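A.B. asks: Sending over a structure as structure tokens; questions will come in a sec.
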Amino acid sequence: MQTYYISMAAMFVIAVVVYMALFFLKAGYGYLSTSNWGPKISNKAAWVIMEAPSFLFMLYYTCRFAALDIDTGDDRTVLYVMAGFFLLHYFQRSFIFPFLMRGKSKMPISIMAMGMVFNTLNSYFIAGWLFGSVVPFGPESRLPYNVVYTGAWFYSPQFIIGTLVFLAGMLINLDSDHVIRHLRKPGDTRHYIPKKHLYKYVTSANYFGEFTEWVGYAILTWSPAGLLFAVWTFANLAPRAKSLTAKYEEEFGDEYREMKKKHLIPFIW
């Protein structure tokens, strides 16, 4: 348990460092693609390889917990629902989203590898918190948390509010990805300004959706592991959103500036 908490604390510190560093080092993929990050592979393959560890590790922990068939006298369905939300997101990101991508862009292997490491650690922290009987740190080994995730948690303000925020973020994320995918027709390689839906207000509506999801997840699990994920999501996406705004302004000039979009959070930043 001590190692678990020390590791999470270290990850919080690293998130702050990454947040500051990304204002100076632009992650070279997508619209910000550069040749400074080394060899590249297909964007579709890279996304599958990078995102799949989150899905696979959480699925492993969930199945192992179910196989133990622990009878505590409490309804543990809420644990499977919370794990299910996580799995739902990463199934879409690992096995659906990459194959909906258009074009033949590539991602640096170095960025893909860093994503894999983070996703593996993140699923370890989340699953470790949820399934304390599977790994030696979790609700089963920490009072009073061993009585929180029972059937009553479904009716808690944290779970209800967090679930609504999580699902809203997921819908925003999916809708925003759809807008981006349909900016140009097949074969067209020009860049266009996304203007529909939340793109009226922010440069990176898809990032806003993802950040909203994990804020919701932090609330519905009411856990330091969930909070860590939300912090990391912001640390990774906020600097990139600002860089994307600068990139659009560089390419489209006053046309983009006059839209007065925020970077990530509508009406705020």
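A.B. asks: Looking at A168 and the list (1) surrounded by fewer than 23 Cβ atoms within 10 Å (Cβ to Cβ); (2) of a type in the set (G, A, S); (3) under 20 Å from S54 (Cα atoms), which single condition is not satisfied?
C.D. replies: The single condition A168 does not satisfy is (3).
A.B. asks: Looking only at region 14-44, which residues are of a type in the set (G, A, S) and either part of a loop (DSSP other than H, G, I, E, B) or at pLDDT 95 or above (or both)?
C.D. replies: Listed by number, the residues that qualify are A15, A27, G28, S33, S35, G38.
A.B. asks: Continuing with this model, one more query. Any residue that is touching a strand residue (DSSP E or B) at 6+ places or on another chain (Cβ under 9 Å) and either more than 30 Å from T120 (Cα to Cα) or surrounded by 16 or more Cβ atoms within 10 Å (Cβ to Cβ) (or both) - is there at least one of those in region 243-257?
C.D. replies: yes
A.B. asks: I160 - would you say it is closer than 30 Å to A67 by Cα, at pLDDT 90 or above and either surrounded by fewer than 18 Cβ atoms within 10 Å (Cβ to Cβ) or not small (G, A, S) (or both)?
C.D. replies: Here the answer is yes, as I160 does meet what is asked.
A.B. asks: Also, I was wondering about something else. Mind telling me which of the residues P194, P186 ends up being without any contact (Cβ under 8 Å) to a residue 24 or more places away in the chain, over 26 Å from M20 (Cβ atoms) and not hydrophobic (A, V, I, L, M, F, W, C)?
C.D. replies: That would be P194, the only listed residue that is without any contact (Cβ under 8 Å) to a residue 24 or more places away in the chain, over 26 Å from M20 (Cβ atoms) and not hydrophobic (A, V, I, L, M, F, W, C).
Conditions tested, residue by residue: (1) over 24 Å from H191 (Cβ atoms); (2) in a helix (DSSP H, G or I).
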position	(1), (2)
N236	no, yes
P239	no, yes
K260	no, no
I268	yes, no
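A.B. asks: Before we move on, is E213 acidic (D, E), touching a helix residue (DSSP H, G or I) at 6+ places or on another chain (Cβ under 8 Å), buried (at least 22 other Cβ atoms within 10 Å of the Cβ) and assigned to a helix (DSSP H, G or I)?
C.D. replies: Numbers: acidic (D, E): yes; touching a helix residue (DSSP H, G or I) at 6+ places or on another chain (Cβ under 8 Å): yes; buried (at least 22 other Cβ atoms within 10 Å of the Cβ): yes; assigned to a helix (DSSP H, G or I): yes.
When the stated conditions are applied, E213 passes them.
A.B. asks: Moving on. Could you check, for region 189-201, whether at least one of its residues is at negative phi, at pLDDT 95 or above and among the aliphatic types (A, V, I, L, M)?
C.D. replies: So far as region 189-201 goes, yes, one or more of its residues are at negative phi, at pLDDT 95 or above and among the aliphatic types (A, V, I, L, M).
A.B. asks: Name every residue in region 86-95 that is surrounded by fewer than 20 Cβ atoms within 10 Å (Cβ to Cβ) and within 22 Å of W153 (Cβ to Cβ), in order of residue number.
C.D. replies: Once the filter is applied, which keeps residues that are surrounded by fewer than 20 Cβ atoms within 10 Å (Cβ to Cβ) and within 22 Å of W153 (Cβ to Cβ), region 86-95 yields L87, L88.
A.B. asks: While we're looking at this one, here's another question. For the subset of region 61-84 comprising residues that are aliphatic (A, V, I, L, M) and farther than 22 Å from T163 by Cα, which member is modelled with the lowest pLDDT?
C.D. replies: I70
The values are calculated or read from the model by the stated rules, or taken from the named source; none is laboratory data. Quantities reported herein were computed from a predicted structural model and do not represent experimental measurements. Here Cβ is always computed from backbone atoms with ideal geometry, including for glycine, and neighbour counts include all displayed protein chains.
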